[in-house]
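Data block below; observations after.
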Amino acid sequence: MSKTNKNAEDNLVTISINDIEHKAKAGSMLIQVADAADIHIPRFCYHNKLTVAANCRMCLVEVEKAPKPLPACATPVMDGMKVWTKSEKALTAQKDTMEFLLINHPLDCPICDQGGECELQDLSMAFGGDSSSFQEIKRVVVDKDIGELVSTEMTRCIQCTRCVRFGEEISGMRELGATGRGDRMEIGTYVEKSLDSELSGNIIDICPVGALTAKPSRYQSRSWEMLQSEGIGSHDSVGSNVRLHTFKNKLVRVIAGDNDSINECWISDRDRFSYQGVYAKDRVKSPMIKKNGIWKEVDWSEALETAATMLQEVNPDSVGVLASPRATVEEQYLLQKLMRGIGVNNIDHRLRQIDFHDQENTDLFPNLGMSIADIENADAVMLIGSNVRKEQPMINHRIRKAALNGAKVYTLNPRELSFNYDVTEQIIASPSEMVTQLTLITKASFTLSKKKIPAGLKDLFKSVRANKSAKAFAENLMNAKNPCVFIGSIAEQLPAYSTLRVLAHVLATNTGANFGFVGGAANTSGAWIAGLVPHRKEAGQAVNEIGKNASEMLNHPKKIYFLLDVELEADADNPQQALAALNQADSVIAVTPYANKKMLSNADVILPSAAYSETSGTFVNIEGTWQSFKAASKSYENARPAWKILRVLGNHLDVKGFDYVSSRDVRDELKELCDKAEDTPKFETTGLFAEHDSVNVKSLQRIGEVGEYVCDSLVRRAKALQDSQPDHQAVQLNTDEIKKLGLAKALSADEQKVQVKQGGVMVEMPLVVNEMIPDGCALLMAGTKSSGLLGSAFGEIVITL
Amino acid sequence: MAGSNKQTATILSKHERDDIDMWIARFPEDRSQSALLAALRAVMHEDHYISTEKMDAVAEYMDLPKIAVYEVASFYSMYELDEKAAAKNSISVCTNVSCMLNGSDEIVDHIEERLGIKMGESTPDGEFFFKIEEECLAACCGAPMMQLNHVYHENLTKEKVDALLESARKNGTLHKKETS
């Protein structure tokens with residue numbers, strides 16, 4: 001060990017691999033050093049994001065002085081170690097291992113979905129023998145049904161246990177295991193059940209053989225026929241890197257891409273399987289115009305001319321522009337530039353928000369306040385109004401890593417949520433009591449930090465009486481070294497959002513915590529930056545005249561609505577109000593990939609846009625990273641990328657500066673404007689008085705958070721995801737509340753249905769018992785088919801038999 | 001750690017819960033999973049097999065993922081997961097190398113003929129369960145051997161087996177023996 005002194009400072013050791021010297025971090029495993037030096041050692045069970053199992057024995061290498069070959073994945077490097085990965089001894093060991101692994105592996109590669117991208121197939125080409133010494137009958141393992149997303153062919157399994165370790169270590173749900181032993185060991189759930197994790201699809205990527213493959217894309221195409229393009233996940237604000245696989249110009253599969261600072265090598269099931277929605281039945285083939293109630297397919301120039309005329313003929317004040325926060329930054333920027341160019345100021349993307357009091361005080365865009373990767377280093381995390389696990393699976397993954405490292409996690413939510421790590425305390429407060437609870441904690445933080453209470457908060461603080469638990473809560477945050485306070489999508493939907501945001505921000509400041517927003521869609525940040533808000537232009541620049549926000553536009557109807565990839569019955573806070581607004585409008589122009597029945601009945605001009613993967617563009621994620629992508633597949637029929645539609649519409653309307661050749665030109669223009677902008681807005685609480693509409697709920701309060709698989713037009717059309725979560729369409733109550741409301745009878749009936757009434761509309765829905773819902777509240781997710789007939793997501797509802 | 005869930009409490013008997021608690025107490029607090037083997041043994045004592053319902057109850061009681069219990073229960077041959085194994089008496093004849101060389105196959109044939117069942121089956125009267133392919137029970141010096149309920153019987157002959165089966169039938173059940 002004397003040599004180590006030389007390298008002691010940086011803790012490095014010197015080893016030789018195949019007679020070439022390498023420096024390596026002491027304590028690292030041989031396989032890591034070899035991987036870093038681009039020396040390939042075959043392996044099945046080793047995965048750099050999982051713990052070492054050393055059970056496949058494929059990575060056996062020769063090590064000097066070791067009597068037998070050693071597994072490179074479980075052998076720590078030592079100074080002076082000499083290793084040979086391709087010596088006769090190593091190769092013999094690897095070949096012998098291969099022969100054992102192939103004993104029970106079926107020769108069904110021609111019908112296996114993994115064929116062509118199979119680690120076992122590749123390595124058996126390199127290390128497998130021509131014949132096997134094993135003459136006996138191969139074993140057969142009965143397949144398991146583990147849900148709509150992952151298809152199993154367990155006879156192919158080589159028991160590497162990557163999927164088992166993934167469940168325990170990454171998704172935090174140990175659902176798969178190895179039952180039985182010896183040659184009868186099987187990987188499965190033992191008792192038939194569907195995988196429940198929001199990250200379950202990743203086991204498809206890490207399975208080295210064809211035992212676990214993607215069910216929705218099964219038997220669609222062979223891996224060597226597909227083209228791969230880089231893409232960005234579009235269902236949360238993280239911007240997970242994905243790889244899009246196309247076959248004959250159609251998107252047929254999505255797998256995880258690598259980006260250590262964003263999604264490592266994992267993606268959510270939502271990002272993986274939503275592609276099914278691209279080719280939904282209601283995709284629009286050609287531009288359409290409605291004349292006298294009858295839809296007619298027209299060519300692009302006629303459709304655009306018609307839309308342009310509609311926009312020119314009215315007073316700009318009576319135009320409302322509502323756009324998706326999932327649109328690319330190029331589309332968002334062009335849309336606002338176009339609309340502001342013709343004098344329209346009513347522009348917004350915040351369709352689910354109803355409280356806009358503090359919009360002036362927001363940063364350039366609501367952001368995480370730190371990098372995604374940094375969340376791992378937090379030692380206390382407070383989540384306010386956020387179902388982060390379902391809304392932002394990759395952020396939750398980082399919080400989980402922090403929690404496993406000992407971070408304390410606290411939550412304040414309208415209902416109890418299940419997490420895949422230990423949560424120190426969950427405060428449950430009905431939506432209307434959220435402010436009270438947060439006020440208590442924030443007030444305690446002032447007492448503890450001895451800071452002066454701003455005048456604006458005094459009244460609010462007077463309304464509550466300090467208590468011990470709130471003080472302990474604030475103290476925990478204050479005592480942490482790296483605390484974070486995050487506010488999420490549920491809070492954003494509440495009538496008192498701005499108050500909650502101010503309180504959370506002040507709490508973070510008092511406790512020395514990072515303040516961040518953990519909600520939003522794929523390009524919510526981009527929408528703010530591009531100026532798709534009524535009160536700011538691009539790069540946060542001030543507008544001359546503040547337009548109406550989304551809620552005002554729908555509450556005080558406009559004559560013309562211009563929609564960009566928006567389905568208001570599912571994307572707006574109050575579908576009843578939104579649909580009524582569209583109904584009374586003179587004309588509705590929709591740039592959309594899809595046209596469902598509601599769209600056909602409300603719109604007057606439909607301009608079919610490219611769907612996910614069919615357009616180039618950029619998403620800006622929650623930490624502010626711009627990620628551009630190219631189109632991976634051809635636009636469907638006559639659909640065109642939305643940025644091109646908007647550019648040509650700009651030309652029709654004679655707006656200046658609409659001569660872009662590519663989406664890159666658009667992005668570069670915006671980027672330059674952002675770089676030049678000197679004074680971007682910062683979140684300010686000074687002068688903000690906590691003003692909120694107190695909700696007076698007499699009967700039942702609805703908790704209308706957005707369902708995991710109904711958050712946007714694409715995922716709502718993804719069949720496998722929809723099939724895997726039937727509960728979304730139900731209303732959920734706890735047992736006591738069911739009794740109190742006299743609904744117990746519904747539970748004993750064959751079909752457990754109840755009548756839900758909101759805003760004068762009655763809808764029949766299934767009733768599900770969920771003890772995690774507080775008294776006086778009912779969980780009825782927004783974005784679903786039935787909720788599209790109802791009112792505000794966090795409004796009052798009535799449930800009867 | 002030990003859950004107080006109402007459902008678990010009714011599925012696991014008091015005897016089972018006491019036994020599990022006693023074993024959990026013997027291990028460090030963060031190593032209570034070590035008591036799982038004993039917990040499953042307690043269930044075996046009670047029911048002579050381990051139902052999925054009981055495994056789930058044990059998982060909940062010990063705060064373990066269900067699959068972690070399934071893995072252990074399905075790994076060890078001393079646990080029976082099939083209800084038909086829940087006969088009054090359990091016979092396990094070792095058929096590994098030493099016993100095989102010393103004639104365990106004949107013993108197996110004899111028992112099958114005698115009871116009129118095949119290995120892996122139970123007699124229709126519920127008296128005997130004949131376990132399939134028991135692994136080596138570490139009594140090679142007395143091969144061929146078998147385990148009748150919890151007792152080892154070595155140097156078996158057909159006559160010896162007959163006598164053992166007869167006395168087992170007469171002397172009552174595995175359950176009685178354990179509780180006495």
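The values are calculated or read from the model by the stated rules, or taken from the named source; none is laboratory data. Keep in mind the model is a prediction, meaning the values are calculated, not measured. Heads up, the Cβs are rebuilt from the backbone with ideal geometry, glycines too, and the neighbour counts pull from every protein chain shown. SASA here: full protein model, heavy atoms, side chains in, ligands and nucleic acids out. Shrake-Rupley method; radii C 1.70, N 1.55, O 1.52, S 1.80 Å.
When residue A:332 is tested against (1) closer than 25 Å to residue A:559 by Cβ; (2) surrounded by fewer than 24 Cβ atoms within 10 Å (Cβ to Cβ); (3) of a type outside the set (A, V, I, L, M, F, W, C), just one condition goes unmet, and that condition is (2). Could you go through region A:217-233 and let me know if any residue there is surrounded by 22 or more Cβ atoms within 10 Å (Cβ to Cβ), in contact with a Gly (Cβ under 7 Å, 6 or more places away or on another chain) and away from every other protein chain (no Cβ under 14 Å). Checking region A:217-233: at least one residue is surrounded by 22 or more Cβ atoms within 10 Å (Cβ to Cβ), in contact with a Gly (Cβ under 7 Å, 6 or more places away or on another chain) and away from every other protein chain (no Cβ under 14 Å). Only one of the numbered conditions (1) within 13 Å of chain A (Cβ to nearest Cβ); (2) open to solvent by less than 30 Å² (accessible area, probe 1.4 Å); (3) touching a Phe, Trp or Tyr at 6+ places or on another chain (Cβ under 7 Å) is not met by residue B:81, and that is (2). Filtering region A:237-252 to residues that are open to solvent by 10 Å² or more (accessible area, probe 1.4 Å) and in a loop (DSSP other than H, G, I, E, B) leaves A:248, A:249.
Flag: residue A:149 does not match the condition of being within 14 Å of chain B (Cβ to nearest Cβ) and touching a Gly at 6+ places or on another chain (Cβ under 6 Å). Among strands (runs of 3 or more DSSP E) entirely within region A:361-441, having at least 3 residues that are under 18 Å from residue A:514 (Cβ atoms), open to solvent by less than 10 Å² (accessible area, probe 1.4 Å) and free of Cβ contacts under 8 Å to residues at least 60 places away in the same chain singles out A:408-413. Within region A:713-740, the set of residues being part of a helix (DSSP H, G or I) and aliphatic (A, V, I, L, M) comprises A:715, A:720, A:721, A:738. Only one entry in A:520, A:526 is at positive phi, crowded, with 24+ Cβ neighbours inside 10 Å and within 22 Å of the chain's Cα centre (by Cα), namely A:520. Condition check: under 22 Å from residue B:149 (Cβ atoms), away from every other protein chain (no Cβ under 13 Å), part of a helix (DSSP H, G or I) and in contact (Cβ under 8 Å) with a residue 40 or more places away in the chain. Does residue B:45 satisfy that? The answer is yes for residue B:45. Checked against (1) closer than 29 Å to residue A:163 by Cα; (2) more than 15 Å from the chain's Cα centre (by Cα); (3) more than 14 Å from chain A (Cβ to nearest Cβ), residue B:15 meets all criteria but (1). For region A:791-801, the condition holds for at least one residue, the condition being that it is open to solvent by 20 Å² or more (accessible area, probe 1.4 Å) and farther than 21 Å from residue A:495 by Cβ.
Just one of the listed residues (A:210, A:128, A:201) is away from chain B (no Cβ under 12 Å), at pLDDT 95 or above and over 30 Å from residue A:727 (Cα atoms), namely A:210. Checked against the criteria, residue A:635 does not count as small (Gly, Ala, Ser), more than 27 Å from residue A:237 (Cβ to Cβ) and open to solvent by 10 Å² or more (accessible area, probe 1.4 Å).
In summary, helices (runs of 4 or more DSSP H) completely within region B:49-143 and bearing 3 or more residues that are closer than 27 Å to residue A:186 by Cβ occur at B:52-61, B:66-75. The criterion of at least 1 residues that are open to solvent by 10 Å² or more (accessible area, probe 1.4 Å) and at pLDDT below 95 is met by the following helices (runs of 4 or more DSSP H) wholly inside region A:447-514: A:455-462, A:468-479, A:497-511.
Residue B:63 is checked against (1) closer than 30 Å to residue A:420 by Cβ; (2) more than 14 Å from every other protein chain (Cβ to nearest Cβ); (3) more than 20 Å from the chain's Cα centre (by Cα) and fails just one. What number does that condition carry? Unmet for residue B:63, out of (1) closer than 30 Å to residue A:420 by Cβ; (2) more than 14 Å from every other protein chain (Cβ to nearest Cβ); (3) more than 20 Å from the chain's Cα centre (by Cα): (2). Figure legend. Inter-residue proximity from region A:167-190: first residues closer than 25 Å to residue A:401 by Cβ and within 7 Å of chain B (Cβ to nearest Cβ), second residues in a helix (DSSP H, G or I) and open to solvent by 50 Å² or more (accessible area, probe 1.4 Å), beta-carbon distance below 7 Å, spacing 6+ or different chains. Indicated pairs: A:174/A:168. Of A:354, A:347, which residue is in contact (Cβ under 8 Å) with a residue 60 or more places away in the chain, on the phi < 0 side of the Ramachandran plot, touching a strand residue (DSSP E or B) at 6+ places or on another chain (Cβ under 7 Å) and among the aliphatic types (A, V, I, L, M)? Every option except A:347 fails the conditions. Among the criteria (1) in contact with a Leu (Cβ under 7 Å, 6 or more places away or on another chain); (2) within 19 Å of residue A:362 (Cα to Cα); (3) modelled with pLDDT of 95 or more, the one residue A:540 does not fulfil is (3).
Yes or no, residue by residue, for (1) open to solvent by 60 Å² or more (accessible area, probe 1.4 Å); (2) in contact (Cβ under 8 Å) with a residue 24 or more places away in the chain; (3) out of contact with any strand residue (DSSP E or B) (no Cβ under 9 Å at 6 or more places or on another chain):
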| residue | (1), (2), (3) |
| --- | --- |
| A:703 | no, yes, no |
| A:709 | no, yes, yes |
| A:718 | no, yes, yes |
| A:748 | yes, no, yes |
| A:753 | yes, no, no |
| A:762 | yes, no, no |
| A:781 | no, yes, no |
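Residue-by-condition table, conditions (1) within 14 Å of chain A (Cβ to nearest Cβ); (2) touching a Ser or Thr at 6+ places or on another chain (Cβ under 8 Å):
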| residue | (1), (2) |
| --- | --- |
| B:59 | yes, no |
| B:71 | yes, yes |
| B:76 | yes, no |
| B:90 | no, no |
| B:95 | no, yes |
| B:99 | no, no |
| B:102 | no, no |
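For the residues B:71, B:53, B:121, the requirement of being out of contact with any strand residue (DSSP E or B) (no Cβ under 7 Å at 6 or more places or on another chain), among the acidic types (Asp, Glu) and without any contact (Cβ under 8 Å) to a residue 60 or more places away in the chain singles out B:53.
Residues are listed down the side, and each one gets a yes or a no for (1) in contact (Cβ under 8 Å) with a residue 24 or more places away in the chain; (2) more than 30 Å from residue B:80 (Cα to Cα):
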| position | (1), (2) |
| --- | --- |
| A:194 | yes, no |
| A:204 | yes, yes |
| A:211 | yes, no |
| A:216 | yes, yes |
| A:222 | yes, yes |
| A:234 | yes, yes |
| A:250 | yes, yes |
| A:254 | no, yes |
| A:265 | yes, yes |
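Where strands (runs of 3 or more DSSP E) sit wholly within region A:553-629, those with at least 2 residues that are free of Cβ contacts under 8 Å to residues at least 40 places away in the same chain and over 22 Å from residue A:240 (Cα atoms) occupy A:587-592. If I go through region B:84-113 residue by residue, how many of them are open to solvent by 10 Å² or more (accessible area, probe 1.4 Å) and hydroxyl-bearing (Ser, Thr, Tyr)? So the answer is 3. Restricting region A:596-621 to residues that are within 24 Å of the chain's Cα centre (by Cα) and either of a type in the set (A, V, I, L, M, F, W, C) or within 26 Å of residue A:492 (Cα to Cα) (or both) leaves a set whose member that is surrounded by the most Cβ atoms within 10 Å (Cβ to Cβ) is A:611.
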